[in-house]
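This report concerns only the one structure given below.
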Amino acid sequence: HQHQFARSLPMPRTAARRQGDWAEQRVLRLLQQRGWRLLARQWTCRWGELDLVLEKAGRLLLVEVKGRRRCGPDGWGVAALHRGKRLRLERAWACWLAAHPDWAASAVELVFALVPLAPARGPVRWLRLDH
């Protein structure tokens with residue numbers, strides 16, 4: 001079956017997108033310091049986007065990054081990972097694996113990185129998700 005991959009037009013660089021890029025870069029630096037190697041960033045297919053896909057010792061790490069200025073009703077972004085979002089992530093992940101079959105047998109872990117954006121401060125919070 002055929003997949004639609006990258007969008008034909010680049011997304012506009014909105015303030016929210018720049019903040020999201022900054023949050024992803026912070027998470028990526030932290031993980032690279034821990035020995036993870038980047039395989040894909042902002043990888044898109046018809047089902048959605050994977051923020052970060054990393055590899056270490058044959059294991060895969062799928063990271064969904066959420067940046068927030070404050071702890072609001074969604075608890076720094078925890079509520080953003082609702083059932084529909086998780087389904088889109090699973091479909092996008094299946095699409096990524098179809099495009100990268102060499103990784104299909106690898107163990108994968110899904111984590112949610114909650115990144116405080118200015119004026120908020122503090123460490124990145126990590127949530128491991130069962131999928």
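The values are calculated or read from the model by the stated rules, or taken from the named source; none is laboratory data. Here the structure is a predicted model, which is why all the values come from computation and not from measurement. So basically every Cβ, Gly included, is an ideal-geometry build from the backbone, and we count neighbours across all protein chains shown. Each accessible area value is taken on the protein alone, full model and side chains, heavy atoms only, with ligands, DNA and RNA left out. Shrake-Rupley method; radii C 1.70, N 1.55, O 1.52, S 1.80 Å.
First measure r as the distance between the Cβ atoms of VAL108 and ALA15, then evaluate 1/(1 + (r/R0)^6) with R0 = 22 Å and state the FRET efficiency to the nearest 0.05.
My answer for the efficiency is 0.10.
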Between ALA99 and LEU129, what is the FRET efficiency for a Förster distance of 22 Å, r being their Cβ-Cβ separation, to the nearest 0.05? 0.50
For TRP22, placing the label point 7 angstrom along Cα-to-beta-carbon and taking the stretch 95-118, residues whose amide nitrogen sits under 17 Å are 114-118
Could you work out how much longer the chain between ALA40 and GLU90 gets when fully extended? Use 0.36 nm per residue separation minus the Cα distance between them, nm to one decimal. 16.4 nm
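With all protein chains present, how much of the accessible area of the stretch 18-60 (probe radius 1.4 Å) comes from carbon and sulfur, to the nearest whole percent? It would help to have the intermediate numbers written out before the result.
Details: 1000 of 2180 Å².
Its accessible area is 46 percent carbon and sulfur atoms.
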